[in-house]
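First, the structure itself, so that you have it in front of you.
Read-outs: derived from the displayed coordinates by stated rules, not from any lab. The model shown is predicted, which means the values in this text are computed figures rather than measured ones. Counting neighbours? That spans all protein chains shown, and the Cβs are built from the backbone with ideal geometry, glycine included.
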Amino acid sequence: MRKLEGMVEFVSGSPQFRIKEVFDDKAPLYTYYGQPDLEEDLVCFDSNGNAGKKVRTYDKVNTLCQGDVVFSLISGKSTIVGVKHQGYLYTQNYVKLVADNKVDSKYLVFLLNEDPSIKKQFQMGLQGSQVLKYTLKQLKELELPDFPTLYKQRTIGELYFNQLRLEALRNRASNLETTIVLEKLRRASHK
């Protein structure tokens, strides 16, 4: 069994409480990467309704690039950063995982989110803990199953993300259908 720390490099986010906010229009403006952004990136969706919290600072902060693998220490979920979240500032609640060229990014996300043995390792690490928050140590210590060939990893990763997107589209269509039907019923009740 290989550990995750042998396969990827970990880049922790900027400690939020150390970021000195300035009110100078010339200072760079950053948007915080949050859980709704992670959910959007997971289904390759833009919900438009999310105007994240912003901060102006001259501090050196860690930002995300499109294609980065990011793991949330809050939800225990990972995703690949989409183009919309390019340049977003990520805090200590997130860890960027930089994989070598033997690991497909989408496959890594699939493994971290869906593999039963990884889920079990996380659950064991959270037992007895009051605060349900994952740790960098837990993440580094994860024991990984053997990886298939890179071609197979790409195929699995691609199918995983396509399935999540399909599910999100179905849910959106279903919600819109419900809204339309309810509106028709409201109109019919007022005639």
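Failed condition for Tyr33, given (1) in contact (Cβ under 8 Å) with a residue 60 or more places away in the chain; (2) within 19 Å of Arg172 (Cβ to Cβ), with all others met?
Failed condition: (2).
Let me ask something additional. With the condition kept exactly as written, say whether any residue in the range 67-87 is closer than 21 Å to Glu158 by Cβ, touching a His at 6+ places or on another chain (Cβ under 8 Å) and among the charged types (D, E, K, R).
No, the range 67-87 contains no residue that is closer than 21 Å to Glu158 by Cβ, touching a His at 6+ places or on another chain (Cβ under 8 Å) and among the charged types (D, E, K, R).
A further question on this structure: I need every pair where a residue in the range 162-191 that is in contact (Cβ under 8 Å) with a residue 60 or more places away in the chain has its Cβ under 7 Å from the Cβ of a residue that is surrounded by 10 or more Cβ atoms within 10 Å (Cβ to Cβ), sequence separation at least 6 or different chains.
From residues that are in contact (Cβ under 8 Å) with a residue 60 or more places away in the chain, the pairs are Leu164/Leu42; Leu164/Val43; Arg165/Val43; Arg165/Cys44; Ala168/Val43; Ala168/Phe45.
Give the range 36-57 a look and list any residue that's surrounded by 13 or more Cβ atoms within 10 Å (Cβ to Cβ) and more than 30 Å from Arg170 (Cβ to Cβ), or say none.
Val55, Arg56, Thr57
Could I ask something else about it? Quick check on this structure: which one of Val95, Val83, Val22 is buried (at least 20 other Cβ atoms within 10 Å of the Cβ) and either more than 19 Å from Lys140 (Cβ to Cβ) or not small (Gly, Ala, Ser) (or both)?
None of the others qualify; the one that does is Val95.
Restricting the first residue to the range 68-95 and requiring it to be in a helix (DSSP H, G or I), which pairs with a second residue that is surrounded by 19 or more Cβ atoms within 10 Å (Cβ to Cβ) meet a Cβ separation below 7 Å and a spacing of at least six or different chains?
His85/Tyr33; His85/Asp37; His85/Asp41; His85/Leu64
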